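Take a look at the structure below.
The values are calculated or read from the model by the stated rules, or taken from the named source; none is laboratory data. Keep in mind the model is a prediction, meaning the values are calculated, not measured. Methodologically, a virtual Cβ is constructed for each residue, glycine included, from the backbone with ideal geometry; neighbour enumeration extends over all protein chains shown. Each accessible area value is taken on the protein alone, full model and side chains, heavy atoms only, with ligands, DNA and RNA left out. Shrake-Rupley method; radii C 1.70, N 1.55, O 1.52, S 1.80 Å.
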Amino acid sequence: MLRFFQGFLEPRHAADDTGARAERLAADWLRHRRGFTIVTRNWRNPRDHREELDLVCRDGEVLVFVEVKARSAGALVPGYFAVDRRKKRVLRRAAKAYLKRMPVLPRTFRLDVVEVTVPAHLSGGRLPDSLAEWQRIPAGAAPAVRHFENIPLFSKHFRG
């Protein structure tokens, strides 16, 4: 029983750190390269903290829910495919909860997946903290970002 509670007191793992850095890089990339406005990061449903949205952004008038996936260069399952039916169910519940809390519903919204691929030489180390630090890394050695837009999440008749 003591070990169970010690898990809550220990420092965060490297995987958590890599995920947080990947989310930061994805947010910077979406803002600077795609012109998105970041509304919030790591939003959790107040009624169920298991439901989390990595990023909520605006792409013009469209509200975009973004799931960020960090992957090593040799990963067997790309980030796009890691957002399976189970993950989509969780994202759908979180997105519905987020939309219910908005005073005015957006006209359109969508789900995007951003995959941050960590090169093999960085997988044991750390990701850069910012887009500026990332841009100082030589081209072939820097993490790669792939952006998948408009991933099916809701039925076509869903209205919030």
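Couple of notes before you dig in:
- Residue in the range 37-53 that is among the hydroxyl-bearing types (Ser, Thr, Tyr) and at pLDDT 95 or above present: yes
- Listing of helices (runs of 4 or more DSSP H) fully contained in the range 56-124 that carry 3 or more residues being open to solvent by less than 50 Å² (accessible area, probe 1.4 Å), in contact with a Phe, Trp or Tyr (Cβ under 9 Å, 6 or more places away or on another chain) and at pLDDT 90 or above: 85-100
- For the range 20-33, a residue qualifies if it is in contact with a strand residue (DSSP E or B) (Cβ under 7 Å, 6 or more places away or on another chain) and touching a residue at least 60 places away in the same chain (Cβ under 8 Å), and the qualifying residues are ALA22, LEU25, ALA26, TRP29, LEU30.
- The set of residues from the range 79-117 being touching a residue at least 60 places away in the same chain (Cβ under 8 Å), farther than 23 Å from PRO46 by Cα and of a type outside the set (A, V, I, L, M) comprises GLY79, TYR80.
- Residue in the range 26-35 that is at pLDDT 90 or above, assigned to a helix (DSSP H, G or I) and touching a Phe, Trp or Tyr at 6+ places or on another chain (Cβ under 6 Å) present: yes
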